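**Q** Just dropping this structure here.
The values are calculated or read from the model by the stated rules, or taken from the named source; none is laboratory data. Just so we're clear, the structure is a prediction, and the values are computed from it rather than from any experiment. Using ideal geometry, Cβ is built from the backbone for each residue, glycine included, and neighbour counts are taken over all protein chains shown. To get the accessible areas, we keep the full protein, side chains included, count just its heavy atoms, and leave off ligands, DNA and RNA. Shrake-Rupley method; radii C 1.70, N 1.55, O 1.52, S 1.80 Å.
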Amino acid sequence: TIGATTDGPDEPTACYFSSYSDIGSDIWYRYTATCTGNLTVDLCNSNYDTKVAVYDSPTCSVINDCPVASPPLDCNDDFCGVHSYATVPVVTGQCLTIRIGGYLGFQGTGTMKLNCSNIPPPSGACCDDGDCLGTLTEVDCQNQNGTWFQGGSCPSFICPVTPPTNDACSNCIRVETGVAFSGRTRA
């Protein structure tokens, strides 16, 4: 950021740290999310007092969509010593603008590390007529023709059991001599 000027907005609601809300001597980057999960912007390997803000962007084209829409999705100062680290939830293909500057306009050099990590889908108990088939994602449970209960965990989850269709007298099943019939009394 050596020699950079400040052209971004002051961010009093999201970036107020140690009595200073601006991101001085700022430089800008455009990023397209490569995952659905969390994006981290790591400036911990810098040689000056950094400050970072991440903004949602309407497009990732070369068309200038600055100024950015305030407030930022996340802003950080002094996560690792006097260096910054921001985390924002993202969706694959989402466009973001990253603003890097310094506390009180400090300038220096450093390395920005970006990491986009997927968030695994939620898991839950997968049941089939009272039997817990395993702790699975909803899609995996549906593939086994099971019923999914988010947050449940097998084997401790007690799966509900559906009574047989002929549980009530009014729903009796007709049987005949000489014809085998299989059934259950569970539930």
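**Q** Right, THR109: of a type in the set (Val, Ile, Thr), within 30 Å of ASP22 (Cα to Cα) and modelled with pLDDT of 90 or more or not?
**A** yes
**Q** Within the group ASP78, ASP140, ASP128, which residue is of a type in the set (D, E, K, R) and under 30 Å from ASP7 (Cβ atoms)?
**A** ASP78
**Q** Within region 24-59, how many residues turn out to be in contact with a His (Cβ under 7 Å, 6 or more places away or on another chain) and part of a loop (DSSP other than H, G, I, E, B)?
**A** Total satisfying the criteria: 0.
**Q** From the list SER182, SER170, SER153, SER117, exactly one residue is small (Gly, Ala, Ser) and modelled with pLDDT under 90. Which is it?
**A** Going through SER182, SER170, SER153, SER117 in turn, just one is small (Gly, Ala, Ser) and modelled with pLDDT under 90: SER182.
**Q** Filter region 1-34 down to the residues that are open to solvent by less than 30 Å² (accessible area, probe 1.4 Å) and among the small types (Gly, Ala, Ser), then identify the one that is nearest to the chain's Cα centre (by Cα).
**A** ALA33
**Q** Quick one: how many residues across region 69-121 are surrounded by fewer than 16 Cβ atoms within 10 Å (Cβ to Cβ), in a strand (DSSP E or B) and free of Cβ contacts under 8 Å to residues at least 60 places away in the same chain?
**A** The qualifying residues number 2.
**Q** Next question, about the same structure. Can you tell me which residues in region 138-187 are among the hydroxyl-bearing types (Ser, Thr, Tyr), out of contact with any strand residue (DSSP E or B) (no Cβ under 6 Å at 6 or more places or on another chain) and either closer than 30 Å to PRO120 by Cα or part of a loop (DSSP other than H, G, I, E, B) (or both)?
**A** Listed by number, the residues that qualify are SER156, THR162, THR165, THR177, SER182, THR185.
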